[in-house]
Amino acid sequence: MARDLRDLADEELMQMVRRGDADAFAVVYARHASSAFSLAYRMLGSRAAAEDVTQEAFLSAWRSGARYDRGRGSVRTWLLGIVHNRAIDAMRRGKVRDFPRADDENAAEHLEADERTDVEVARRQEAQTIRAAIETLFEYGRPARVQLACLVDRGHRELPIRPDYIGKNLPTARDERVQVQLVEVDEVDRVLLISEKEA
């Protein structure tokens, strides 16, 4: 009895991809294409460029599936690394304009009102901080591996990144934020859960 490919782990699928199994690669694509496009779009700011980069990245992954090394990270990390590198290459080639495309210009106007709240702005600023930190690392060269440590993980993801090290998992609602105070700065060590409705 043949197992359904969707039941297999990414690593098992990649072993099949090494042997040229297109169906296994289709499952890997289905699992990770959305995250890959999201990363490319956040880096490039253009849907067309993000689609091109995502397609190039998966084509490259298909051609070089044998290069995936389980010991260096997950399949997701490997794929997102390819997307990241392809997006940087696209920026260097000047394929991405510094101004938004006409179909991207009014995107904020089409969002629900809740998506444009101060809470959403704060979340996006946090995501930009993480992206800026990662981009700064690349100024010193391309690291073999990047690990993310998170003092308090709320579980809400703006980026397709999961922390490697978590101090405390703290499930929160989307309208709640975590404030960490340190004795060196605030004269007290504590973690506060603040509802935006109260603030």
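Coordinate-derived values only; no laboratory data. Model, not experiment: these values are computed from the prediction. Cβ coordinates were reconstructed from backbone atoms using ideal geometry, including for glycine residues, and neighbour counts include every protein chain displayed.
Order the peptides 69-75, 133-139 from the highest to the lowest mean number of other Cβ atoms within 10 Å of their residues.
So the peptides 69-75, 133-139, ranked by packing, come out 69-75, 133-139.
Enumerate the calculated ³J(HN,Hα) couplings along region 70-83 in order (Karplus 6.51 cos²θ - 1.76 cosθ + 1.60, θ = phi - 60°), each rounded to whole Hz, writing x wherever the residue is Gly or Pro.
4, x, 9, x, 6, 4, 4, 4, 4, 5, 5, x, 5, 4
Please label the shape of region 8-77 as rounded, prolate or oblate, based on the square roots a ≥ b ≥ c of the eigenvalues of the alpha-carbon gyration tensor (a/c under 1.5 means rounded; beyond that, a/b larger than b/c means prolate, else oblate).
prolate
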